[in-house]
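Notes for the one structure printed next.
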Amino acid sequence: MVSSSEIELVIARLRAMPDNAMVSAGIGGGVMGREALIEHVKNANKDDIGKKIVEAHMSYLRSVGRA
Amino acid sequence: MPRTMLITLPDFDVTVSYVSAWSEEIIRAAEKNGIKTVPVRGDGVTRSHVTSDIKSKNPSFIAFNGHGSETCIAGQNNEPLITLGENDGLLDSRIIHALTCSSASGLGRGCKARAFIGYDGIFWLYMDNNKTSRPLSDMKVRPILESAMEAPRQIAKGESAGNAYAKSQETYQKFIDHMTLSSSEHTAEELQVILPFLHSNKECQKIFGDREARI
């Protein structure tokens, strides 16, 4: 279960992504711009790509917190 | 087993075109080390072609680039090349590097490769959509692909699988530290997005088998 606060945090971080950037999530997610990433994250509790995006961000933030 | 490297270089979408373009240096590293190379490119990256090349050339090292799943490594147009429980015997006793999503978790863990380096989750790429026709000039992708390519590069240079994995992990961390702690060519906004994906790729990179294995 992804919490609403985690979803809001990751969306806020993704909003900073430049217009000319795109992210590939492999075969399941294809290539996505900022808005597509945010849509996945909004639905993170029923969208596997969205869940993985949140997990990636939260894992990184926890690693920074441990440093 | 001959000192031969087979490398797959599909090119049917942006993601695999990037990975294949950044893999060309692996071929040069191998050739410089006196290793015979068998590059399989584009529409040639089919199951029948790759199977035939593995059987006839008997490569000691295979570097797969492409999409994948927990149990499969794919080629051009996502045609399954190697599937666990079906034809994973083609990997037996070889060193395998699989730059694909997820294939380490099932195929890497379950096959009988001598050593297998790959990823057990999504392999993320962060790219500049103005550079898609020239992947090697895209410096936004550099931290991710240079870190990942360190593993096959080291194997091609004759390092052990264990050292190749360790050096790739070090490269990931070097970029993470550099981008976190000092000014870089990326904006602060970009770093908010790149760093989590770079960190995730590092965490998902796995090695199975004999860490002393070398080409």
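Only one entry in B:139, B:149 is aliphatic (A, V, I, L, M) and over 15 Å from the mean Cα position of the chain (by Cα), namely B:139. Of the residues that make up the stretch A:2-10, is at least one more than 10 Å from chain B (Cβ to nearest Cβ), part of a loop (DSSP other than H, G, I, E, B) and exposed (fewer than 14 other Cβ atoms within 10 Å of the Cβ)? Yes, the stretch A:2-10 has at least one match. Among residues that are of a type outside the set (Phe, Trp, Tyr), in contact (Cβ under 8 Å) with a residue 12 or more places away in the chain, in contact with a strand residue (DSSP E or B) (Cβ under 6 Å, 6 or more places away or on another chain) and more than 23 Å from residue B:105 (Cα to Cα), residue B:194 is included. Is it fair to say residue B:131 is within 14 Å of chain A (Cβ to nearest Cβ), more than 23 Å from residue A:55 (Cβ to Cβ) and in a loop (DSSP other than H, G, I, E, B)? Yes, satisfied.
The residues on offer are A:36, A:12, A:21, and the sole one that is touching a strand residue (DSSP E or B) at 6+ places or on another chain (Cβ under 7 Å) and more than 21 Å from residue B:203 (Cα to Cα) is A:21. In the set (1) crowded, with 22+ Cβ neighbours inside 10 Å; (2) within 14 Å of chain A (Cβ to nearest Cβ), residue B:12 fails one condition alone, (1). If you take the residues of the stretch B:168-180 that are closer than 18 Å to residue B:154 by Cα and crowded, with 16+ Cβ neighbours inside 10 Å, which of them is farthest from the chain's Cα centre (by Cα)? Filtering the stretch B:168-180 for residues that are closer than 18 Å to residue B:154 by Cα and crowded, with 16+ Cβ neighbours inside 10 Å, the one farthest from the chain's Cα centre (by Cα) comes out as B:175.
Every condition in (1) in contact with an Asp or Glu (Cβ under 7 Å, 6 or more places away or on another chain); (2) over 22 Å from residue B:13 (Cα atoms); (3) of a type outside the set (S, T, N, Q) is met by residue A:39 except one, and the failing one is (1). When A:46, A:42, A:52 are checked against the criterion of being farther than 17 Å from residue B:189 by Cα, within 9 Å of chain B (Cβ to nearest Cβ) and not aromatic (Phe, Trp, Tyr), a single residue qualifies: A:52. Taken together, A:17, A:58 contain a single residue that is outside any helix (DSSP H, G or I) and either over 25 Å from residue B:12 (Cβ atoms) or at the interface with another protein chain (Cβ under 8 Å from one of its Cβ atoms) (or both), which is A:17.
Here residue A:23 fits the description: at the interface with chain B (Cβ under 7 Å from one of its Cβ atoms) and either at pLDDT 95 or above or assigned to a helix (DSSP H, G or I) (or both).
Of the helices (runs of 4 or more DSSP H) that lie entirely inside the stretch B:142-210, those containing 1 or more residues that are away from chain A (no Cβ under 14 Å) span B:142-156, B:161-181.
Is one or more of the residues making up the stretch B:99-120 of a type in the set (Lys, Arg) and within 14 Å of chain A (Cβ to nearest Cβ)? Taking every residue of the stretch B:99-120 in turn, none turns out to be of a type in the set (Lys, Arg) and within 14 Å of chain A (Cβ to nearest Cβ). When A:34, A:62 are checked against the criterion of being crowded, with 17+ Cβ neighbours inside 10 Å, of a type in the set (D, E, K, R) and without any contact (Cβ under 8 Å) to a residue 24 or more places away in the chain, a single residue qualifies: A:34.
The values are calculated or read from the model by the stated rules, or taken from the named source; none is laboratory data. In this text the structure is predicted, and so the values were computed from the model without any measurement. Quick reminder, even Gly has a Cβ in these numbers, built from the backbone with ideal geometry, and neighbours come from all protein chains shown.
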